[in-house]
Amino acid sequence: MAAKPDFKTCLITMTKKILITGGAGFIGSHVVRRFVNHYPGYKIINLDLLTYAGNLENLKDIERKPNYEFIKGDIADSGFVHSLIAEHQPDAIIHLAAESHVDRSILNPLSFVYTNIVGTVNLLNASLKRLESSPDFLFYHISTDEVYGSLGKDGFFTEVTRYDPRSPYSSSKASSDHLVRAYFHTYQLPVVISNCSNNYGPNQFPEKLIPLSLNNMLHEKPVPVYGKGENVRDWLYVEDHAAAIDLVFHRGKAGETYNIGGHNEWHNIDLVKLLSKIMDKKLGKPAGFHERLITYVKDRAGHDLRYAIDASKIKNELGWLPSLQFEEGLEKTVDWYLENRDWLSRVTSGEYANYYQTQYHTR
Ligand code: NAD
Ligand code: DAU
């Protein structure tokens with residue numbers, strides 16, 4: 001961001017009450033757990049609509065902690081958001097609630113507009129009201145590297161890369177990023193944004209590449225690889241993202257953007273082959289057992305070729321680095337899914353099963 005109003009850096013060490021949106025989802029649950037456990041002096045309020053992607057089972061271990069409270073509600077409902085903020089008077093919002101899956105955005109863009117754009121504006125408006133009595137208030141928007149568009153074979157996304165979103169999902173996240181910045185420049189709302197690459201780890205809903213592939217391998221079903229599997233993603237273990245969010249929240253500067261990524265690029269096909277090998281080993285199967293399930297399917301519409309983050313700013317300014325090597329993170333992830341097959345069966349029943357069978361993967 002260019003011009004910066006004369007704000008203090010984020011004075012959050014004094015914060016007592018933090019509203020985290022989307023805390024029952026994949027990344028949100030890791031962020032909520034980290035904040036509840038690391039900061040017993042903070043009150044953490046988790047606001048989540050519990051869509052197909054939100055699951056309170058993800059937070060079983062902390063649900064009875066005295067500094068944690070769950071509230072079910074829709075960020076797209078302006079009246080609800082305003083009364084919630086007026087009643088609970090948080091000192092900061094960490095905003096993760098979103099429709100997050102690109103394939104779903106291709107099938108139903110409007111739900112992404114409601115949650116990701118309208119929902120974000122509702123939170124921003126309620127934050128402005130809150131700012132009147134809480135001058136150190138902070139609005140932290142968790143965003144994605146997909147706002148920057150698609151890279152060719154070389155280069156990296158930096159914080160000044162021009163926005164060029166291409167899917168309904170990334171367009172809705174780009175819109176929300178722009179609106180967050182607009183509230184900073186227009187109304188002097190203290191904000192910070194981070195844009196992260198692809199996350200993986202426990203509790204990720206099995207519609208995204210890694211948990212979907214693991215789930216299908218477990219059931220010995222075809223593992224769909226879009227197009228030729230040549231697209232590249234930059235993978236980061238979810239707890240490393242949560243650690244970066246903690247750091248940006250406490251030490252980031254109001255008005256700034258921080259890119260977060262693992263410097264860990266993989267072609268999809270190589271990643272799925274590596275997963276197959278890990279599954280062979282873990283399940284005691286002969287070499288090639290799971291790899292034979294890999295099935296090339298029709299490409300995703302408008303499929304971005306490559307994402308890769310230059311994370312030098314957060315490294316140099318805040319001292320963040322990912323802690324896990326990819327193979328180690330993947331092993332932990334595979335172990336978690338193998339130990340939590342009940343979780344997988346529960347979340348893949350109902351609406352998801354219907355989506356899975358009728359939409360994308362039977363083309
Ligand atoms: P997720 O889909 O697993 O979780 C989203 C959560 O938001 C769910 O708990 C859902 O119930 C909740 N939610 C959805 N609509 C809501 C609404 N209208 N009101 C209240 N709650 C609602 O998503 P995720 O993968 O954990 O992503 C979290 C955030 O991080 C998103 O903003 C996403 O854009 C961003 N992000 C994700 C990744 C990734 O790789 N998954 C990478 C970078 C950034
Ligand atoms: O880059 C950050 C983004 O990463 C986040 O903002 C999004 O919320 C998150 O969903 C993720 O988006 P992707 O589209 O990159 O993730 P997904 O897991 O859906 O796909 C990863 C790659 O794998 C992508 O190139 C598409 C491909 N793919 C995906 C699925 C689900 C397949 O080949 N087969 C599949 O079945």
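We did not get these values from a lab; they are worked out from the coordinates using the rules stated. The model shown is predicted, which means the values in this text are computed figures rather than measured ones. So basically every Cβ, Gly included, is an ideal-geometry build from the backbone, and we count neighbours across all protein chains shown.
Things worth noting here:
- Per residue, the Cα convex hull of region 170-251 amounts to 123 Å³.
- Peptide packing: for 200-206, 299-305, the average count of neighbouring Cβ atoms within 10 Å per residue gives the ranking 200-206, 299-305, highest mean first.
- Long pairs among LYS221/LYS277; LYS72/LYS208; LYS153/LYS173; LYS43/LYS313; LYS72/LYS173, criterion Cα-Cα beyond 27 Å: LYS43/LYS313
- Within the chain, helix-based [θ] at 222 nm, where runs of 4 or more DSSP H residues each add -39,500 (n - 2.57), nearest 500: -12000 deg cm²/dmol
- In this calculation the C-beta distance from LYS65 to TYR296 is compared with R0 = 45 Å, giving a FRET efficiency of 0.45.
- Added length on full extension, which subtracts the Cα-Cα distance from 0.36 nm per residue, LYS129 to LEU318: 65.0 nm
- HN-Hα J in Hz across region 108-124 - Karplus 6.51, -1.76, 1.60, θ = phi - 60°, x for Gly and Pro: 8, x, 5, 5, 6, 5, 4, 6, 7, 9, 4, x, 5, 5, 4, 5, 5
- Region 131-180: GluC sites (Glu not before Pro) in DSSP coil with no more than 15 other Cβ atoms inside 10 Å: GLU132
- In this structure, the amide hydrogen of PHE70, modeled 1.01 Å from its nitrogen in the peptide plane, lies closer than 5 angstrom to those of ASN46, counting only residues at least 5 positions away or on a different chain.
- For the chain, the spread of Cα positions along the three principal axes, ordered from largest to smallest, is 63, 45, 38 Å.
- Note on LEU283 and GLU57: the model spin-label points, each 7 Å out from Cα along the C-beta direction, lie 1.9 nm apart.
- Filtered trypsin sites (Lys or Arg not before Pro), region 37-126: DSSP coil and at most 15 other beta carbons within 10 Å: ARG64
- Estimated from the Cβ-Cβ distance and a Förster radius of 56 angstrom, the FRET efficiency linking LEU107 and LYS17 is about 0.90.
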